[in-house]
Amino acid sequence: MQDKTQNKNLMILCKVVDNFGDIGVVYRLAKALTDLDSSLNLTIVCSNLESFSAMAQKIDPSKKSQIFTYRQSSWQILDWEQDEDFEFTSTPFPIILECFQCGRPQWLEKILFAPDSKETYQIFNIEYLTAEDYAEDFHLLKCYTRSQNVKKMFFMPGFTKKTAGLLLDSGFEQTLKTARTAKKDKNQFTVTLFSYERDFKQIFEALLRLQEKQRKKNPAFTVKVLAAAGKSQSFAQKAWEQTDRKLDFTALPFLPQEEWDKILCAADFNFIRGEESLARACLAGLPFFWHAYVQEENYQLVKVSALLQKLLPFVEEENLSSSLELLWNQYNTPQAALNAEKLDYIFQKAAEGTLKKSFAAFAGELLKNGNLAKNLLDFLQTGLSAIVEKKSKKY
C-alpha cells in the first residue's frame, strides 16, 4: 500500500502513564502504519524510553534522539524532554497523532503556535479504547485549538463500524494465523494471567478442579499457567502456592511485544488487563476475562458492561452468557468472591472448545470493522478534504 498521504511525515506523541500499556499501543500503531506504507517518515516522541526499550529492545533509553529500524524503515525516536538548545530539524510534519490526550512537549508547542508560523497542522487525538457509546459520538469530532492553523480531531478506536476499529499490524496477523493452524496439544490447557492486583486463589482452585476432572479421562492432562511480569505476578504466585503448587506454573520475565503476542494467541484462556492486551485478546478469538482498571465508585463496571454488550450477542447458549456476565462483574469488583460453580462451568466449556466458538465469532465481527491504521491512512487520503461537518467542541 503506497501514496496514502501527499506528505509522508507523521509524528506520534506518547506520554507514558501506565508503564507499558500506552507505549505498547503506540509501538503497535507505528508498526501497523509502516506495514501499510513503508515510505512514511515516522517520528515517535516518548516520555519514557525505558518502557519503550523493554518491548523494542534496540532502543537505547540513554539517547534523547536516535534512529530505530523496523524492517526496511527508519523511525526517528525522540525523548519527550529535550535540552534547552534542542531544535527539531526534520522536514515539516503536518500530521500529529496525540495519543491518549497526552499533550505536547514544550519544544513542540513553540513550533505549532509560533506567531509567525504559516504551516498548517492536523492533530488527531487517538483516544483510549472503550466499548462505551461515546466512542461513536467522539469519532471524527473536531476540536478547537488556540490557532486556526492547528486543527484537531478525535480518532476513536472501538468495536463498531462507527469507530476507527482496532489496531492490526502484520506481525500480529501472522502470529494469529500460525497459532490457528498449529496442532493442538490435547494434554494441555494453557492459561495466561496478566491482570491488576487481586486474589487469584479461587481461579487456581477452579483450574485445579478442571485438571483433576480431566485426568479421570486423560491422566496426562495438565493445566499450565503462564503469569506475565507485572502487578499481578506476585499475586498469581501466592495463589499457586496456596493450592499446593499442583498446577504447572511459570512466572514469565518481561517479554518483547512480539513474544507476548505468540503466547497470548496460543493459549486456551487469557486473563488480561488494560487496552493493548484487551485488543489482542478480542482479535485472537479465544476465551478471556478482562480486568478493567479500578475507578472511583466502581465506574470500571460501566466499561465492563459496555464490552459485554458487544461480546455476549455472540454467545448463543444462555447459561454461558449469564455465567460470563456474572463472573466478569465479580472479577472486576474489588474483594468480590467468584461463583465457583459457574467458574468450573466456564473452564469446562473452554476445555471442550465450546466457548472458543463464541469468542471466535466476536473476533470475526471485529475484523470486519477494519484496521485502525488503515482507516487512519484512508482518512488522510480522502477524509481531510471532504470532512462531514460535525458538532465542534472546545478542547
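The values are calculated or read from the model by the stated rules, or taken from the named source; none is laboratory data. Just so you know, these numbers come straight off a predicted model, no measurement behind them. Ideal geometry is used to build each Cβ from the backbone, glycine not excepted, and the neighbour counts take in all protein chains shown. To get the accessible areas, we keep the full protein, side chains included, count just its heavy atoms, and leave off ligands, DNA and RNA. Shrake-Rupley method; radii C 1.70, N 1.55, O 1.52, S 1.80 Å.
Data overview
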quantity	calculated
Carbon plus sulfur fraction of accessible area for segment 248-312, probe 1.4 Å, in percent	55 percent
Whole-Å semi-axes of the ellipsoid equivalent to segment 126-285 (Cα gyration tensor, √5λ, descending)	38, 18, 14
For segment 253-342, diffusion coefficient by Stokes-Einstein and Kirkwood Rh (Cα), 4 °C, 1.567 mPa s, µm²/s	92 µm²/s
Cα-based shape type of segment 95-153, given that a ≥ b ≥ c are square roots of the gyration tensor eigenvalues and the cut on a/c is 1.5	prolate
Where segment 1-158 is the region considered: accessible area per residue in Å², 1.4 Å probe	45 Å²
Cα pair count fraction exceeding 18 Å, expressed as % - segment 303-374	45 percent
Peptides 230-239, 215-224 ordered by average Cβ neighbours within 10 Å, highest first	230-239, 215-224
Centroid-to-centroid separation of segment 159-177 and segment 203-223 [C-alpha atoms, Å]	34 Å
Dipole magnitude (debye, nearest 20) for the chain, charges at Cβ of Lys, Arg, Asp, Glu	980 debye
Relative packing of 27-34, 180-187, which averages over residues the other C-beta atoms within 10 Å, highest first	27-34, 180-187
Size of charge dipole - segment 91-144 - debye, nearest 20, with Cβ of Lys, Arg +1 and Asp, Glu -1, no other charges	380 debye
Radius of gyration, Dmax [the chain; alpha carbons; angstrom]	22.3, 78
Cut-off 19 Å, label 7 Å out along Cα→Cβ of D133, residues of segment 289-306 by amide N	299-306
Segment 23-84-segment 299-372 distance, computed between alpha-carbon centres (Å)	35 Å
Rg to Rh quotient for segment 70-219, alpha carbon positions, Kirkwood Rh	1.15
Convex hull projection area averaged over all views, segment 150-229, Cα basis, nm²	9.8 nm²
Selected from V223, F200, Q233, residue furthest toward positive end of dipole (segment 177-248; charges at beta carbon)	V223
Mean accessible surface per residue for segment 181-301, computed with a 1.4 Å probe while every protein chain stays in place, in Å²	46 Å²
The chain - share of DSSP beta bridges that are antiparallel (%, nearest 5)	15 percent
Helical mean residue ellipticity (222 nm; -39500 (n - 2.57) per DSSP H run of 4+; nearest 500) of the chain	-12000 deg cm²/dmol
